[in-house]
Amino acid sequence: MVRFKHWFGKVGWFLLYTLAVIAISVCTFIAIDYGAAFYRQYPGYFTLWYWGGFNASPAEVLRNIGLMLVAAIGLPFVVWRSFTAHKQAKTAISNLRLAEKGHNNDRFREGAKLLAEDNVAVASSGVFLLADLVRNADEYFPVVQETLEQYVRKRNIDRSIFKSDSPVPDTAFFLDQSAAIRTLTELRQARDWNSLELLDLANTNMDCVEFNKSKSIHFYNCRLDNCSFRGLLLPFANFEGAMLRAVDFSGADLSGANFKGTKLVDAENVRGTYLNCFGIYLSIKLQLDQQTSSDILQFKNFVNAYELAPEDTLNPRQQTHALTRIRLHHANSINRILQFQKNSEAATKTYGEQLIIPALCQIADICQHIPIFNSASIPNASIAAHWSHLFDEDQWAAVNVIS
């Protein structure tokens, strides 16, 4: 089929040129015939004096007429040559684009290949290679964003099972993840925000991210559920439109941050969560009150540490504070119970394992979606009024409340 098209193309051009020559020849003969008839009728138009005046030199008149004839004859050639040059230029541009696309595809494959390496420095170079590709070829942004997003999720899994005896901080082993997150936020910031699709960075511990190397911290329209920003410096960070369920900002610097349109947890949701937790808490206490064993009764000390009061005695801010306190201290409470059970009798261990620990873990699971702003610094942060219950009074007094 390709050979047929190639052969037909050559024949087509040959026929076109032949028809053009025939047409020019016919037009020439017609022009000569009409010219002869015109000459016989108006012979004065064909004198040198008519074309150049009585004082004109015959040589100059003949030269000008010759130039006119040459121009008339050469015009078709010039048109044909211009058409040919234009076609060649289009072909060259098309070939250049194909070559550039092939080169960019090679760069994408190389960047993705580097991400698969175990060496952190090599994987980081893959991140930067993909970022450079997007800056030079914007059409690669969607596929690069998806690739880096998947890479961040993969590293989340790696970190969840990470164990090291090295004295180097754990975050040093995940600097490639830091580079991927910073690159994603920087690339998204340079685009039209209205066209950005949701970026899923949920369950990511952001303490590996070197935010100080970013010109700005941009999480517009990102899913950040269950992410940890604990103790990080995030001044003027943009969380507009972000999903922040179960996010941990405890001890973070959020000065001037933008929380416009963020999806947090409203007061009614907090109230429902608190009721569920208080129900389980009350059930545990009632069951412990029915026990007579002194060892089992010691579980009361651990349960009382959760300190849940009746729902109608607390406002939404106090309920939020109680739930976040459970999130922050639950792990320590369970460890204390396990330590206590080591030297306990079998019946006490069984009671703790079958009732106390599962019930307290259930309470902790229920309140996991509550975001934590405990001890966070948020002066001049832009936050909607209906999220006031998530902050203490001193924090709320320093924020810029938006409608």
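With the whole protein complex present, Asp158 retains an accessible surface near 40 Å², based on a 1.4 Å probe. So if we plug the beta-carbon distance of Ser403 and Leu275 into 1/(1 + (r/R0)^6) with R0 = 25 Å, what FRET efficiency do we get, rounded to 0.05? Efficiency at R0 = 25 Å is approximately 0.30. Using a probe of 1.4 Å on the protein chains alone, the accessible area found for Ser255 is around 30 Å².
Length gained on full extension, Ala309 to Glu393, computed as 0.36 nm times the residue gap minus the Cα-Cα distance: 28.2 nm.
Give me the accessible area per residue for the chain, probe 1.4 Å, as a whole number in Å². Present the calculation step by step, with values, prior to reporting the outcome.
On the way: 23900 Å² over 403 residues.
For the chain, the solvent-accessible area averages 59 Å² per residue.
What angle do you read, to the nearest 10 degrees and between 0 and 90, between the alpha-carbon axis of helix 120-136 and the longest principal axis of the chain? In the chain, helix 120-136 runs at an angle near 40 degrees to the longest axis. Extending 7 Å from Cα along the Cβ direction at Ser160 and again at Asn105 yields two label points whose distance is 3.6 nm. Against the main long axis of the alpha-carbon atoms of the chain, helix 316-342 sits at an angle near 60°. Expressed as a whole percent, the accessible surface of the stretch 221-296 that belongs to carbon and sulfur atoms is 50, based on a 1.4 Å probe.
Note on the chain: GNM, Cα springs under 10 Å; of Asn315, Asn332, Asn156, the largest mean-square fluctuation is that of Asn332.
Between Glu353 and Asn119, what length in nm is gained on full extension when 0.36 nm per residue of separation is reduced by their alpha carbon distance? Display every interim value, and only then the final one.
Values: separation 234, 0.36 × 234 = 84.24 nm, distance 4.19 nm.
Additional length available on full extension: 80.0 nm.
Across the protein chains, with a 1.4 Å probe defining accessible surface, the residues Phe278, Phe38, Phe239 rank Phe38, Phe278, Phe239 from largest area downward.
Put simply, the amide H of Ile370, placed in the peptide plane, has neighbours under 5 Å in Ala246, leaving out anything fewer than 5 places away on its chain.
Sort out the exposed loop GluC sites (Glu not before Pro) in the chain (DSSP loop, at most 11 other Cβ within 10 Å) and tell me the longest stretch that has none. The segment 1-196 is the longest one with no such site. Axis angle, to the nearest 10 degrees, between helix 267-289 and the longest C-alpha principal axis of the chain: 30 degrees. Among Ile181, Ile93, Ile402, Ile157, the order of accessible area from largest down is Ile157, Ile93, Ile402, Ile181, computed with a 1.4 Å probe on protein heavy atoms. Taking 0.36 nm per residue of separation and subtracting the Cα-Cα distance, full extension of the segment from Gln88 to Phe128 would add 10.7 nm.
The values are calculated or read from the model by the stated rules, or taken from the named source; none is laboratory data. This is a predicted model, so every value here is computed, not measured. Here the Cβ is made from the backbone with ideal geometry for all residues, glycine too, and neighbour counts use every protein chain on show. Only protein heavy atoms, including side chains, enter the accessible area calculation; ligands, DNA and RNA are left aside. Shrake-Rupley method; radii C 1.70, N 1.55, O 1.52, S 1.80 Å.
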